[in-house]
Structures are given as structure tokens and as C-alpha cells.
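No lab work stands behind these numbers, since they all come straight from the coordinates. Computed from a predicted model, the values in this text were never measured in an experiment.
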Amino acid sequence: MPQAASLRGTEVDGRLQTDADGNLLISDQLRHLFDYYLSTAGEQQHEQIVDQVQALIRDSLDDPARSQALDLFQRYLDYQRALVALEQDFPAAADIDSLWARQDAVERLRADLFNPAEHQAFFAAEESYNRFTLERLSILHNPALSEAEKAQDIEALRESLPEAMQALLVPQIHQDLRQQTQALREAGADPAAVRELRMDMVGPEATARLEALDVQRAQWQQRLDDYRRERDAILSQSGLADSDRERAVQALLDARFDRTEQLRVSALSD
């Protein structure tokens with residue numbers, strides 16, 4: 001069966017597994033598998049994608065797992081269609097109460113379409129992350145709390161999560177923050193908008209650290225730009241022998257940067 005161009009050369013994400021009795025093993029691997037193929041929407045017709053997944057299930061499994069997987073895949077498709085309709089009831093830009101209402105509605109929809117084991121396997125990690133995010137936003141926007149109290153409450157919230165979830169949340173939050181910060185800056189947002197985003201996502205203490213890092217990076221970039229400008233001026237001087245240019249550039253490098261910094265400059269110049 002033809003495969004979407006974006007999937008060629010990639011490893012299939014997810015697995016079809018059975019237990020000792022031949023029943024379908026319910027895990028997050030199933031959702032990964034469904035999403036792997038459904039991600040090609042736009043490259044292929046929806047019917048083609050469905051046919052590919054159904055063919056894979058039929059070729060890979062025997063009953064009862066085969067029928068169970070086909071049924072679960074159909075309900076996952078029903079869920080995605082229902083989710084699109086549900087999203088129409090909630091504005092893209094919403095207050096915290098509306099975000100909570102949306103989260104509750106999504107979880108009810110999932111509970112209607114999936115049994116508890118399926119719900120847990122497919123969505124537990126995502127729901128924990130979303131609820132943590134909303135709890136954190138509720139704390140950050142609570143006018144009754146001081147900045148120190150907000151930081152303490154957020155840390156307590158994080159520590160209340162299972163250790164595995166804590167380990168997953170920290171890099172995910174910072175990845176989301178980097179992506180959203182970059183998007184804001186590319187859109188021409190001012191520093192106040194970036195600061196508000198950081199406050200919402202990581203709180204006041206981490207925001208202060210990130211702002212200090214911004215200053216350090218800006219200072220470093222300015223020093224690097226000044227050095228490159230002076231270096232280019234030296235290299236463009238006529239009448240200098242190559243050895244004289246090299247000595248002059250090295251003298252400039254020694255005057256502007258310590259030994260460790262010079263390694264960074266050299267790496268950036270390669």
C-alpha cells in the first residue's frame with residue numbers, strides 16, 4: 001500500500017501488542033501508532049489513511065486482538081471528529097475558567113468513548129500535564145498571593161506529582177517556553193510580552209533568571225560584534241603582510257577575550 005512521503009524512511013512510532021490470551025494490549029503505543037499514520041492528513045485522503053491502519057491491524061493481529069484493535073481505532077477516529085466539534089464551543093483566547101471548562105469537557109468526551117484502561121493509557125500523561133499547567137496558571141494569576149507565595153505554591157504543586165511526571169514536565173515546560181518565546185519575538189513582541197509569557201509558564205524566580213541570561217547573551221553578542229568589526233577592519237587593511245594581519249588579529253582577540261572565551265569565538269568563526 002502506498003505510503004505518505006513524510007513517512008518514508010521513518011521508523012513506525014508505536015506497536016500492536018497482545019497479552020498471553022491473545023487480547024489487545026492497551027498502552028500508549030497504540031495511540032502513538034494511530035497518530036503516526038493520522039499525522040499524514042493533508043498528504044493523503046482520510047480514507048487512505050484509515051485503510052492503511054486497518055490493513056496493518058488485519059495483517060499484524062489475529063482475533064480477538066484484531067477485532068479489539070479495529071474497534072478501538074474506530075472510536076479514536078470518532079473521538080477526533082467529536083473533539084473538532086467540541087473546540088468550536090471554546091474561544092481560542094480564553095480566561096482560566098474557560099480553559100478549565102474546556103479541559104473538563106475534553107475529559108468527559110474521552111470517558112464517554114473509551115473505557116478506563118484505554119482512557120488511562122491514551123490520555124493520562126497529557127491530562128496530568130494540562131491540569132498541572134492550569135493549576136499553575138491559577139496560582140500565578142491569584143492576586144491574593146505574593147510572588148514568594150506563588151513560587152512556593154508552584155513548587156509544592158510540582159512536588160505533588162509522581163516523580164516520573166515531574167521528570168517529564170520540566171523539559172516539556174522549558175521546550176514550550178522556548179518555542180513560544182521565539183514565536184513572540186519573531187512576531188515583533190516587546191520585552192513586556194515575553195516577560196508575561198515567562199511569568200505564566202515558569203513563575204517569577206525562573207523569569208528573573210531568564211532575564212539575567214538575556215542580558216548576558218546580549219552583552220556577549222555585542223562584544224562579539226565589536227570584535228568582528230575590528231577584525232574585519234584589520235583584515236581589509238592594504239599594505240599589511242599576512243603575518244602582520246595574523247598578529248594584529250590575535251592581539252585584538254587577546255585584548256577582548258580571555259582564554260575560555262577565545263575558544264567560543266573560534267568555534268563561532270569556524
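Per residue, the Cα convex hull of segment 15-83 amounts to 79 Å³. In percent, rounded to a whole number, the relative contact order of the chain is 11, using alpha-carbon pairs under 8 Å and six or more apart. Quick one: among 160, 98, 238, which has the greatest mean-square fluctuation in a GNM of the chain with alpha-carbon springs under 10 angstrom? Maximum fluctuation in the GNM of the chain, among the listed residues, is at 238.
Separation of segment 41-55 from segment 191-258 is 50 Å, based on Cα centroids.
Using a Gaussian network model of the chain in which every pair of alpha carbons under 10 angstrom is joined by a spring, one finds that among 219, 54, 68 the greatest mean-square fluctuation is at 219. Overall size of segment 37-135 from C-alpha positions, given as principal axis extents largest first: 47, 31, 19 Å.
Seen against the Cα atoms of the chain and their longest principal axis, helix 259-269 is set at about 70 degrees.
Pairs of alpha carbons in the chain separated by more than 30 Å make up 55% of all such pairs. May I ask for the angle, rounded to the nearest 10°, between helix 163-186 and the longest principal axis of the chain, with both axes built from Cα atoms and the value confined to 0 to 90°? Orientation of helix 163-186: about 60 degrees from the principal axis. Along each principal axis, taking the top coordinate minus the bottom one, the Cα set of segment 95-150 gives 42, 19, 10 Å in descending order. Just so you know, the Cα atoms of segment 65-118 work out to an Rg and Dmax of 13.4, 44 Å. Shown here is the pair-distance distribution of segment 127-270: with all Cα-Cα distances grouped in 5 Å bins from zero up to the longest one, the shares run 2, 8, 13, 15, 12, 10, 9, 8, 8, 6, 4, 3, 2, 1, 0 percent. Of the two radii for segment 38-77, the radius of gyration is 1.01 times the Kirkwood radius, both from the alpha carbons; that is the Rg over Rh value.
Normalised Debye scattering of segment 202-270 at q = 0.13, 0.28 Å⁻¹ gives log10 I(q)/I(0) of -0.48, -1.24, counting only Cα atoms as equal scatterers and leaving out solvent. For the Cα atoms of the chain, what angle does the longest principal axis make with the long axis of helix 46-60, in degrees from 0 to 90, nearest 10? Rounded to the nearest ten degrees, it is 70. Just checking the listed ones, 249, 84, 50: in the Gaussian network model of the chain with Cα springs under 10 Å, the one fluctuating most is 249.
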